[in-house]
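These notes concern the structure reproduced below.
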Amino acid sequence: MFNDIGPLELVTIIVLAVLVFGPEKLPKMIQDVTRTIRKIRDFSESAKADIREELGPEFKDFEFEDLNPKTFIRKQLDNDELGLKEIRNGFDLKKEMAEVTDAVHGRDSDPASASSSPAAGATGGSVDLTKKREKLAADERPPFDADAT
């Protein structure tokens, strides 16, 4: 619960508590707070037990932590019924990035992947992206690209 509180913050909280409640009332306040937290925790546990009892035996493996969306999604993605582990293992990001880099720099990667490269044109040739643009004549307008505007 208080995993991210540092020592300086803890000292500050203690000093503020002593200043606000006084050294005489502080132990009584700490007891009251811990008693209240225990009561809330007991109430929560009894409510969970009542809900599990009402759901019946078909929901015996139901966990309230599964209601958290992050936990639910993580649990569903770890389930191998969809075959996601095979897809995850079959995807090699380094190889894909190397192929894209080779295509951008105009280098040929291995012959098997050159034909499946996204930079390959319809004729099977590669596109030279490093080619410098030719200078236009003084009265010539640059080509219009509707997608770029």
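Residue-wise, which Karplus ³J(HN,Hα) couplings in Hz belong to region 28-36, taking 6.51 cos²θ - 1.76 cosθ + 1.60, θ = phi - 60°, and x for glycine or proline?
Karplus values, whole Hz, x for Gly and Pro: 5, 5, 4, 4, 5, 5, 5, 5, 5.
Beyond 32 Å between alpha-carbons counts as too far, so tell me which of K48/K70; K70/K94; K28/K70; K28/K60 fall in that bin.
Too far apart for the 32 Å limit: K28/K70; K28/K60.
Count charges around T36 for me, please; just the other residues with Cβ under 14 Å from its Cβ, Lys/Arg as +1, Asp/Glu as -1.
Result for the neighbourhood of T36: +3.
Among the aspartates and glutamates, which have Cα under 14 Å from the Cα of K75 when same-chain residues fewer than 8 positions away are ignored?
D61, E63, E65, D66
The numbers here are math on the coordinates, done by the rules we state, and not lab data. Please read all numbers here as calculations on a predicted model, not as lab measurements. Counting neighbours? That spans all protein chains shown, and the Cβs are built from the backbone with ideal geometry, glycine included.
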